[in-house]
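Everything on this sheet refers to the single structure shown next.
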Amino acid sequence: MTVSSDFNPDTSGTDPEATIADLRRRIEAYERSTFWRLSYPARVAVGQMRRLRGVAARFSRAPVSARNTDDGAPAASSPDPVAVGPDGAENAGLLQFPRHADPVLSIIIPSYGQVPVLLRCLRSIMLNPPSCAWEVLVAEDASGDPDIAVLATIPGLIFLERQTNLGFLRNCNDAAGAAAGTYLHFLNNDTEVLPGAFDALVDLLASDPTIGLTGSKLLFADGTLQEAGGIVWADASGMNFGRGDSDPDRAAYRWRREVDYISGASIAIPGALFRSLGGFDELFAPAYYEDTDLAFRVRAAGYRVVFEPDSVVIHHEGVSHGTDESSGVKAYQARNRDIMFRRWKTVLERDHYPPGVHMLRAGAHARHRRTILIIDHYVPEPDRDAGSRATLCVIRALVAAGWLVKFWPLDRGRTGQAHISERAGVEVLDHTCPLSFPEWLERNGGDLDHVMIMRPVVAREFLAAVVAGTAARRSYYGHDIHFLRMMREAEVTGDEGVRHEAQSMQRLETWLWRQFSSVIYLSGYEADLVRELVPGAPARTVVPFCFAPDHEPRAVTEGTTVLFVGGFAHPPNVDAALWLKDTIMPLVRTHVPDVRLVLAGSDPAPAVLALADERTVVTGSVSEAELERLYAAARVAAVPLRFGAGVKNKVLEALHHGLPLVTTPTGAEGVTGIGAVCTVTDTAEDFAAGLISLIRDDALWRQRSDQGRRLIRAEFSPERFSESLLRALSD
């Protein structure tokens, strides 16, 4: 549903020289644009620029027809990849497409003349193709443009040339009938696809059968945002979300979310679903609102409509239909809006807002969804610390339960792992959000049902603003009891400074427990301590972490590698690494001389880096995939924590991977039944003996591996996690 336009290249009846000059001006303007300069390296680099510079010269050899009358399909504008010579023939070798017997994706491009515009679109496809098997269909709607014959000469292109004009909508439907792909991608010919645009849509549809329609982020040629999904208001008027923003990469446009509709310039849908719905409804012929109506019918059929920000397409909006709603095809926009309103009146009044209000919910088709703001110190980085993994478990459980989730990081920073939360369906309100926290709450606080603040220092920073800015229910998610961990550190190290800090932290935490409707910890003993110190405090226990079930037994791992995983910005992990390397491993080597130690985790302190030698590896930060490989290659896991608090993800993670484990009472804390599946001891001698037994005894290794996996499946499933979390939030 196009809402506005400022460019119409219809040159019918104009002087050929003027047309050539106009084309030159457009190409030169495009080359000078900020967007072209920024995206140029990722879009074919030097070779493409040289071809682009040659466009004007090729155009000068022959006039180009760009006619568009009454109800033709949308067209495009961009540098031509195939030159049109004096006789209208292809300048061979510049464009060609594969022909797959069983395509996964059919790219359908409705066309109405305007050959140079269409060729630019085709070239962008050739340069940025899908990874799957694919085909391209161009459906030319009897424009009468003599230059259109060049399309028939492009190798691999499926060229559907109409004998009579069908109009945009019917042309699309007819082309879909000729498409062989599992998925259909309707692509305006006034577009250019950027790298990964096709794969992002296909991958999303293939990975989530609940999604029936998805579409791209659309940019203007100068790089400003045209649309990041669309809003339909209760009166059936539409809004392109984010339209005109000069920063299309702002976090507001980077998160995957449900939307009311997606403009049909670039949308993808399973072919079977499209056909079952009868395609675009011809009631909206020749054009306008057919994409909006399709989104509503997809939703009525029980599927979701989801905007995919990783698919980015340049859309030269309005090339074909202009901007005047009183004449030409554009006149159908007002008529079809009335049809849309009458058809969907009940749905619009029930599920949509009046124009311009409740933007937080309206932009995510979320009028009836519970909405939560989560505040933590930084965006979750699962390869950095266990706290990030716990936070991601919370996020994923809430999204799966249908909640709309917003995340405000204290540091306002963006990391390379923000996309993990955004792909899960979370808006990260980082530094690209132009509002301060009080300003954001003033604008959106009324749309929040819940605010969850994590960790005591974060709660101290934000609590007053939250109380002043919203009436939403408040939950405190502690991760662990910080003062307890600090007290234990002081007892082990004798550090009086840490003891004083622990006392200050205890005063803060006990005060905070009185300020929230729910106080959430990850183990029963922590919740009991909260109620002991602050009688009547609303302490709740949730399953600490969750793991996707794995029912396959792990094969016995050969070798002698001992693995310790931990984020080394955390003092308990530094102390554990030193104790393991300096005290425990020499005892192991008296019986297993070739034993190897791997210390894996982010931010290794100098004292940890100094532990590296010919038999000890300090990895530094590792990715998810690298960590998986380390777990798969290790013979045994060690978690030798001498102080700390809360449930330790590294313990559960090892058991999930079927890796037998030796740990301490601190490491085992809060995990019911762990003593039956691993060795738990607080002496170096017994810890070393436990490692030696698991290295030498395959039968014991097999037994412990299977027992650990059974414990994780029974107690730490996503279902149990979600149930406990939702109960804690609602109590």
Say whether the condition of being open to solvent by 20 Å² or more (accessible area, probe 1.4 Å) and closer than 30 Å to residue 402 by Cβ is met by at least one residue in the range 187-201. yes
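Going through 139, 176, 149 one at a time, which residue ends up being at pLDDT below 95 and hydrophobic (A, V, I, L, M, F, W, C)?
Values: 139 fails: at pLDDT below 95; 176 fails: at pLDDT below 95.
None of the others qualify; the one that does is 149.
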Considering (1) surrounded by fewer than 24 Cβ atoms within 10 Å (Cβ to Cβ); (2) more than 20 Å from residue 287 (Cβ to Cβ), say which one residue 217 fails and leave the rest. (1)
Test: residue in the range 291-298 that is part of a helix (DSSP H, G or I), basic (Lys, Arg) and within 20 Å of residue 337 (Cα to Cα): yes
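Keeping to the range 421-446, report how many residues are outside any helix (DSSP H, G or I) and among the acidic types (Asp, Glu). Break it down stepwise before answering.
Initially, the range 421-446 is screened for residues outside any helix (DSSP H, G or I), giving 424-436.
With among the acidic types (Asp, Glu) added as a condition, the list becomes 427, 430.
So the answer is 2.
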Of the candidates 705, 693, 717, 724, the one satisfying the condition of being modelled with pLDDT of 95 or more, closer than 30 Å to residue 475 by Cβ and small (Gly, Ala, Ser) is 724
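Among the candidates 387, 413, which residue alone is assigned to a helix (DSSP H, G or I) and modelled with pLDDT under 95? Give the steps one after another, and end with the answer.
On the way: 413 fails: assigned to a helix (DSSP H, G or I).
It is 387.
I'd like to check something: does the range 684-692 contain any residue that is under 40 Å from the mean Cα position of the chain (by Cα) and among the small types (Gly, Ala, Ser)?
So the first thing to find is which residues in the range 684-692 are under 40 Å from the mean Cα position of the chain (by Cα), and the list is none.
For the range 684-692, residues under 40 Å from the mean Cα position of the chain (by Cα) and among the small types (Gly, Ala, Ser): absent.
Does residue 606 fit the bill of being surrounded by fewer than 19 Cβ atoms within 10 Å (Cβ to Cβ) and within 18 Å of residue 688 (Cβ to Cβ)? Step through it out loud before you land on a result.
Numbers: surrounded by fewer than 19 Cβ atoms within 10 Å (Cβ to Cβ): yes; within 18 Å of residue 688 (Cβ to Cβ): no.
In short, no.
Which one of 489, 496 is in contact with a helix residue (DSSP H, G or I) (Cβ under 6 Å, 6 or more places away or on another chain), acidic (Asp, Glu) and either under 24 Å from residue 642 (Cα atoms) or touching a residue at least 60 places away in the same chain (Cβ under 8 Å) (or both)? First the steps, then the outcome.
Values: 496 fails: in contact with a helix residue (DSSP H, G or I) (Cβ under 6 Å, 6 or more places away or on another chain).
Only one candidate passes the filter, namely 489.
Mind checking which residues of the range 212-252 are outside any loop (DSSP other than H, G, I, E, B) and among the polar types (S, T, N, Q)?
Here is the first cut: in the range 212-252, the residues outside any loop (DSSP other than H, G, I, E, B) are 212-219, 225-227, 230-232, 238-240, 251-252.
Those that are outside any loop (DSSP other than H, G, I, E, B) and among the polar types (S, T, N, Q): 214, 216, 226, 240.
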Looking at the range 342-369 only, could you name the residues that are surrounded by fewer than 19 Cβ atoms within 10 Å (Cβ to Cβ) and either of a type in the set (Gly, Ala, Ser) or touching a Phe, Trp or Tyr at 6+ places or on another chain (Cβ under 7 Å) (or both)? 347, 353, 354, 355, 356, 367, 369
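Listed here are the residues, each with its yes/no results for (1) of a type in the set (A, V, I, L, M, F, W, C); (2) surrounded by 22 or more Cβ atoms within 10 Å (Cβ to Cβ); (3) under 23 Å from residue 207 (Cα atoms).
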position	(1), (2), (3)
375	yes, yes, no
390	yes, yes, no
400	yes, no, yes
404	yes, yes, yes
427	no, yes, yes
433	yes, no, no
440	yes, no, no
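Please verify whether residue 209 is open to solvent by less than 10 Å² (accessible area, probe 1.4 Å) and part of a loop (DSSP other than H, G, I, E, B), treating the condition exactly as stated. Working first, answer last.
Numbers: open to solvent by less than 10 Å² (accessible area, probe 1.4 Å): no; part of a loop (DSSP other than H, G, I, E, B): yes.
No.
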Hey, any hits in the range 263-274 for a residue that's open to solvent by less than 10 Å² (accessible area, probe 1.4 Å), assigned to a helix (DSSP H, G or I) and out of contact with any Asp or Glu (no Cβ under 8 Å at 6 or more places or on another chain)? yes
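Condition check ((1) open to solvent by 10 Å² or more (accessible area, probe 1.4 Å); (2) free of Cβ contacts under 8 Å to residues at least 24 places away in the same chain; (3) within 21 Å of residue 162 (Cβ to Cβ)) across all residues:
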{"position": "94", "(1), (2), (3)": "yes, no, no"}
{"position": "102", "(1), (2), (3)": "yes, no, no"}
{"position": "106", "(1), (2), (3)": "no, no, yes"}
{"position": "122", "(1), (2), (3)": "no, no, yes"}
{"position": "126", "(1), (2), (3)": "yes, no, no"}
{"position": "135", "(1), (2), (3)": "yes, no, yes"}
Kindly provide the set of residues from the range 243-262 that are open to solvent by less than 30 Å² (accessible area, probe 1.4 Å) and either of a type in the set (Lys, Arg) or within 18 Å of the chain's Cα centre (by Cα) (or both), ordered by number. 248, 251, 252, 253, 254, 255, 257, 259, 262
Could you tell me how many of the residues in the range 297-307 are surrounded by fewer than 24 Cβ atoms within 10 Å (Cβ to Cβ) and among the aromatic types (Phe, Trp, Tyr)? 1
Under 6 Å between Cβ atoms, which residue pairs at least 6 apart in sequence (or on different chains) link something in the range 686-700 that is closer than 12 Å to residue 557 by Cα with a partner that is open to solvent by less than 40 Å² (accessible area, probe 1.4 Å)? 694/636; 694/660; 694/701; 695/560; 695/592; 695/635
It is to be established whether one or more residues within the range 567-582 are modelled with pLDDT of 95 or more, surrounded by fewer than 15 Cβ atoms within 10 Å (Cβ to Cβ) and on the phi < 0 side of the Ramachandran plot. yes
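The values are calculated or read from the model by the stated rules, or taken from the named source; none is laboratory data. Given the structure is predicted, the values throughout are model-derived calculations rather than measurements. Using ideal geometry, Cβ is built from the backbone for each residue, glycine included, and neighbour counts are taken over all protein chains shown. Calculation scope for accessible area: heavy atoms of the full protein, side chains included, ligands and nucleic acids excluded. Shrake-Rupley method; radii C 1.70, N 1.55, O 1.52, S 1.80 Å.
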